[in-house]
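The values are calculated or read from the model by the stated rules, or taken from the named source; none is laboratory data. Small disclaimer: the values here were computed from a predicted structure and weren't measured. We place every Cβ from the backbone using ideal geometry, glycine too, and count neighbours over all the protein chains shown. Heads up: the accessible areas ignore ligands, DNA and RNA and are worked out on the full protein's heavy atoms, side chains in. Shrake-Rupley method; radii C 1.70, N 1.55, O 1.52, S 1.80 Å.
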Amino acid sequence: VYDFGIKTNILRCLAERGARCTVLPARTPAERCLALRPDGVVLSNGPGDPEPLGQIVEQVRRLVESDVPILGICLGHQLLGLALGGRTFKLKFGHHGGNQPVRDVDTGAVAITSQNHGFALEAGSLPACCRVTAINLNDDTVEAFRVADRPVVSVQYHPEAAPGPHDAARIFGDFLDTLEARTSEPTVG
């Protein structure tokens with residue numbers, strides 16, 4: 001788990017589902033992370049504008065190229081988007097609080113999510129390999145995407161919200177199911 005300002009409850013949510021987590025500093029080179037032979041990598045939430053984090057974006061790009069499963073959350077979601085060639089923009093007001101409606105593009109189901117960010121991914125800037133899987137019902141911004149040819153998923157909202165809405169908590173189970181399908185004993189690095 002890359003720590004860009006991680007909330008402890010992300011680690012708790014992963015551990016409750018059986019994952020062993022190793023927390024790495026934000027500027028850990030991808031090669032060092034991959035040397036740990038992780039079954040998957042989580043890119044955590046964190047504050048601020050992702051654009052100035054070019055060195056970190058390059059490390060995320062290397063992680064994506066490695067074909068290790070990746071889950072991006074909030075800032076991690078934005079960093080993934082940048083690493084794949086997308087762009088971000090500053091929201092006029094930002095998304096803050098535990099009442100953000102997010103619609104699943106495939107099912108139409110709406111989840112009430114917790115969010116706290118001032119930047120978002122430009123949907124049209126994501127490459128063809130990225131499929132937007134959820135949108136914010138208040139402003140149509142990208143809330144989640146999946147990479148077609150890689151085991152990479154990403155969410156803008158906070159599935160670990162505590163206290164807060166728990167509609168999105170299934171994200172952790174889905175990610176760990178992906179890891180389990182690839183190995184017999186999930187660890188997240």
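Under 1.5 on a/c is rounded, so check that first for the stretch 73-189, then, if it is not, pick prolate when a/b is larger than b/c and oblate when it is not; a ≥ b ≥ c are the square roots of the alpha carbon gyration tensor eigenvalues. It is oblate, given that a/c is not under 1.5 and a/b is not larger than b/c.
Per residue, the stretch 92-149 exposes 50 Å² of solvent-accessible protein surface, assessed with a 1.4 angstrom probe and all protein chains in place.
Of all DSSP bridge pairs formed entirely within the stretch 1-140, close to 70 percent run antiparallel. Relative contact order, whole percent, for the chain stands at 26, derived from Cα pairs under 8 Å and 6 or more residues apart.
The simple spin-label model puts a point 7 Å past each Cα toward its Cβ; for residue 66 and residue 170 those points are separated by 3.0 nm.
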